[in-house]
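What follows is one structure encoded as structure tokens, with my remarks underneath.
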Amino acid sequence: MVKTNYKKIPQYLLIEMAQKDNYQALEELIRRIQKDIFGMYSHICKKREIVSDLTQEALVKIAKNLEHLHDSKSFKTWSNRIALNIFYDFVRKDTRQKPQISIDEMENIDVEDKHCEPMEKCLASELGCKIKNCILSLPINSRVAIVLREFEGMSYDDIAHLTHTTIGTVKSRISRARVKLQEELGEYL
């Protein structure tokens, strides 16, 4: 019996294998995309404590619905659409509840970097925190558009398709978001 190294298999083949009930291929596929989904949520979600839950919910839904994906080339757009729908559902549900302030939202995560001097580390941490807070202060539609463009590297066409808007709307939202971020981050740039 030959043991298959799933880490070396291209994504489109993993998708086809997972659609044929190969659970090891599905596991590898989910392992590959989980950081991207988590990263997207961490940039667009104001409640840090819910990011892991949203990520898990998105990954489960992607796994359960993989059989409905017809073209493996559109996997990234398809999986991001699922993740965004889950985020929008959360936002709609969350706006109906009374807002709560969490002490955890005010804390910074300090990641040790042995290559930086203490002052550089402090400035980088402060700038990262400021950028994240500026992104989180944007309206939801602008926040989603700028994160998909700048952090996920998606094209304007893909973002328009994903958000069910026109390319002009996407460009406008990204432009306004960039202007707002430049205004807010002016002293750092």
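Considering the stretch 146-162, and only residues there that are part of a loop (DSSP other than H, G, I, E, B) and not hydroxyl-bearing (Ser, Thr, Tyr), the residue that is nearest to His43 (Cα to Cα) turns out to be Phe151.
None of Asp113, Asp104, Asp89, Asp158 is loosely packed, with under 13 Cβ neighbours inside 10 Å, at pLDDT 85 or above and either on the phi < 0 side of the Ramachandran plot or in contact with a helix residue (DSSP H, G or I) (Cβ under 8 Å, 6 or more places away or on another chain) (or both) except Asp89.
Quick grid of which residues meet (1) at pLDDT 95 or above; (2) part of a loop (DSSP other than H, G, I, E, B); (3) farther than 25 Å from Arg143 by Cβ:
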| site | (1), (2), (3) |
| --- | --- |
| Leu29 | no, no, yes |
| Gln34 | no, no, no |
| Ile37 | no, no, no |
| Ser42 | no, no, no |
| Lys46 | no, yes, no |
| Val51 | no, no, no |
| Lys64 | no, no, yes |
| Glu67 | no, no, yes |
| Lys73 | no, no, yes |
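For Lys64, state whether it is basic (Lys, Arg) and either more than 18 Å from Arg81 (Cβ to Cβ) or outside the structural domain of Val91 (by TED's automatic domain parsing) (or both). It is false that Lys64 is basic (Lys, Arg) and either more than 18 Å from Arg81 (Cβ to Cβ) or outside the structural domain of Val91 (by TED's automatic domain parsing) (or both).
Condition first: of a type in the set (Ser, Thr, Tyr) and surrounded by 14 or more Cβ atoms within 10 Å (Cβ to Cβ). Now tell me which residues in the stretch 129-155 satisfy that. Ser142, the sole residue that qualifies. Would the stretch 1-11 turn up any residue that is in a loop (DSSP other than H, G, I, E, B), loosely packed, with under 13 Cβ neighbours inside 10 Å and among the hydrophobic types (A, V, I, L, M, F, W, C)? For the stretch 1-11, residues in a loop (DSSP other than H, G, I, E, B), loosely packed, with under 13 Cβ neighbours inside 10 Å and among the hydrophobic types (A, V, I, L, M, F, W, C): present. Looking at Asp53, Asp21, just one residue is over 13 Å from Ser79 (Cα atoms), surrounded by 13 or more Cβ atoms within 10 Å (Cβ to Cβ) and either touching a Cys at 6+ places or on another chain (Cβ under 7 Å) or without any contact (Cβ under 8 Å) to a residue 12 or more places away in the chain (or both), and that residue is Asp53.
The values are calculated or read from the model by the stated rules, or taken from the named source; none is laboratory data. The structure presented is a predicted model; accordingly, all values stated were derived computationally and were not measured. Neighbour counts are summed over all protein chains in view; Cβ atoms, including those assigned to glycine, are modelled from backbone coordinates with ideal geometry.
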